[in-house]
Structure formats: structure tokens, C-alpha cells
1. How much accessible surface does residue 21 have with a 1.4 Å probe, in Å² rounded to 10?
2. Each label point is 7 Å from the Cα along the Cα-to-Cβ direction; what then is the distance between the points at residue 90 and residue 70, in nm?
3. Using the heavy atoms of the protein chains alone and a 1.4 angstrom probe, what is the accessible area of the stretch 41-125 per residue in square angstrom?
4. With a 1.4 Å probe and every protein chain kept in, tell me what percent of the accessible surface of the chain is carbon plus sulfur.
5. Once you have the Cα-Cα distance between residue 2 and residue 18, take 0.36 nm times their residue separation minus that, and quote the gain in nm to one decimal.
Amino acid sequence: MATCLLHVGMPKTGTSSIQDSLYFALNDPGFRYISLGYANSVLYLEPIFGERLEEFWVFRSQGYSTARLLSLRQICVWRLRRVLRLARRRRQTPIISAERCWSWPAAVLERFRDFLAAEGFTVRV
């Protein structure tokens, strides 16, 4: 099984700088920064794996409805699967960087791990 690198940065540890570097300047064809259009992966991981989406500050501040959050989840799942499959076909090592992962409950981390395993990847933190 291929490896997916997971960068889990706590707040105020330079994670945003690392994410920006990977998002804007990763130039190694052996790796693929999984961004889905955002330098910070939490903006697509939270809709997929988060437990109380309506409480996540981004969605709460923008007043997302339950229906919109469910739709966002479906879109993010589809897009993440598509880009992971592309990385696997191209034999690239995907890199995901998200600050909130370090605080997710064990059950959420297990769902994330299982999702990646279903796409053919083991996780290396």
C-alpha cells in the first residue's frame, strides 16, 4: 500500500507557512500536495470528517445551513477521492496538512485513516 504523508501542526507552530510552501512551491513530481484549492486542508477535511459541522467556526460564521453542510460534505468527499486516485495512478506520495487533526477524537481519526486506506494509502504522520 502507498503512503500518504499527514502533517499535523498545532496552532502557532509554523503550520500555515509550511502549508503555503507546499501549496505554492512544491515542485517535486513524486509528491502531490492535496489542497482542493485551499492551502489549509482543514477547509475540506472538516466537512468530510468533522462531527458537529455547524459548530466549526468557519461554517458558523458564514451561517451554513444543515443542507448546505451535507452538500459540501458530498462534494469534498468526491473531490478528495478523485485527487487521491490521481496521485495513486501517477505514483505520487500525497501530502495533507491540517492543523485541527491533532485535536480530533480517536473515532474521527479512525474514519480518516479508513478513508485513506480505502483509497490505497497508509498514513504516516
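The values are calculated or read from the model by the stated rules, or taken from the named source; none is laboratory data. Quick caveat: nothing in here was measured; it's all calculated off a predicted structure. Please note: Cβ atoms are built from the backbone with ideal geometry, for glycine as well, and neighbour counts cover all protein chains shown. Note: accessible area is taken over every heavy atom of the protein model, side chains too, but ligands, DNA and RNA are not part of it. Shrake-Rupley method; radii C 1.70, N 1.55, O 1.52, S 1.80 Å.
1. So the heavy atoms of residue 21 present about 70 Å² to solvent.
2. 3.5 nm
3. 58 Å²
4. Within the chain, the accessible surface is 53 percent carbon and sulfur.
5. Extra length from residue 2 to residue 18 when fully extended: 3.5 nm.
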